[in-house]
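Peer 1: There's a structure below that I have some questions on.
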Amino acid sequence: MTTATALIAAATARLAAAAVDDPAADARRLLAFAMGREPARLTFVLADPVAPEVAARFDALIARRALREPVAQITGLRAFWKAEFRVTRDTLDPRPDTETLVAAALEQPFRRVLDLGTGTGCILMSLLMDRPEATGLATDISPAALAVAQDNALRLGLGARAELILSDWFGAVTGRFDLIVSNPPYIAADEMAALAPEVRDWEPHGALTPGGDGLAPYRIITEGAGAHLGAGGRLMVEIGPTQGAAVAAMFTAAGFDHVAVLRDFDGRDRVVAGHWQDRAVTE
């Protein structure tokens, strides 16, 4: 029988030939998945022979990855913030960049949060996990995505604190919130062709791009958020790295104060945040 080390070496070469970005890491992750092990514990069995049925299962997984299917869709899970979230082709694959939004949102207190276009639910669920006194409402226009988010809420024990509804942005939303967050589709139409195959060919286009210049969702969100925020409530949205100035200008024009563009771990513009001054209350 072949050892785990030999299988990883062969799979790494196969994935490298398919232009996969980090072939060795993906090979290790998929072998751990095929073996039913935690990836961190794979090191302890690298010299051991691998059963033929496991090797065959691993070979099938590598074949899928060589077609540029994302690892998260192959395994069905993606680690994000402090938990693992179920992922399907109906949802975006949660990315570390989005943790910038979660971390910034947690810097100030909130008890009621709205997540627009929730996808897997990773933003809302991560916020609720760190704020056990808070409750949240999440929306999505995709029933399939909402089903994934609902499953994640139940898996994480958040079913009683996270409500999920079918809604086109604010369409079915009522009430006011301390915090509104969103990672909307923001890729411009003419940028889609240049995306990595894992994104362009495997993730839902409706969650990636709104068409046009990519800014349409921000116009809707900034114009509608005030009706759903109390005085001093916060709006925070993820953006593409070239969109900071344009989205910040929308916040200011809509009446938000203390507007800021926040950077991600790589130093790129990633989040625009602002505080709402409810003129109906303060004037």
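The values are calculated or read from the model by the stated rules, or taken from the named source; none is laboratory data. Here the structure is a predicted model, which means the values were calculated and not measured. Cβ atoms come from the backbone with ideal geometry, glycine included; neighbour counts cover every protein chain shown. Please note that ligands, DNA and RNA were not included when accessible areas were found on the heavy atoms of the full protein model with its side chains. Shrake-Rupley method; radii C 1.70, N 1.55, O 1.52, S 1.80 Å.
Peer 1: So if each residue of separation counts as 0.36 nm, and I subtract the Cα-Cα distance between Ile141 and Ala245, what length gain in nm does that give?
Peer 2: Result: 34.7 nm gained on full extension.
Peer 1: Show me 120-133, 232-245 ranked by packing, highest mean number of other Cβ atoms within 10 Å first. List each step's numbers first, then the result.
Peer 2: Values: 120-133: 21.9, 232-245: 20.0.
In descending order of packing, they fall as 120-133, 232-245.
Peer 1: Moving on. Only helical DSSP H runs with n ≥ 4 go in: add -39500 (n - 2.57) per run for the chain, normalise by residue count and round the 222 nm mean residue ellipticity to 500 deg cm²/dmol.
Peer 2: Only helices count here, giving -11000 deg cm²/dmol.
Peer 1: I'd like to check one number: the per residue accessible area of the chain, probe 1.4 Å, reported in Å² as a whole number.
Peer 2: Dividing the accessible area of the chain by its residue count gives 44 Å².
Peer 1: How much length would be gained if the chain were fully extended between Asp266 and Asp213, taking 0.36 nm per residue of separation minus their Cα-Cα distance, in nm to one decimal?
Peer 2: 16.7 nm
Peer 1: Quick check: residue separation of Asp151 and Thr3 times 0.36 nm, minus the Cα distance between them. What number comes out in nm?
Peer 2: Stretched fully, the Asp151-Thr3 segment lengthens by 49.6 nm.
Peer 1: A further question on this structure: I need the phi-derived Karplus couplings for segment 79-93: 6.51 cos²θ - 1.76 cosθ + 1.60, θ = phi - 60°, integer Hz, Gly and Pro marked x.
Peer 2: 6, 8, 6, 10, 8, 10, 10, 6, 10, 9, 5, 8, 10, 5, 7
Peer 1: Return the single residue from Ala196, Ala27, Ala149 with maximal mean-square fluctuation; model: Gaussian network over the chain, springs between Cα atoms under 10 Å.
Peer 2: Sorting by GNM fluctuation, first place goes to Ala196.
Peer 1: When the accessible area of the chain is split by element with a 1.4 Å probe, what percent falls to carbon and sulfur?
Peer 2: Roughly 56 percent, rounded to a whole number.
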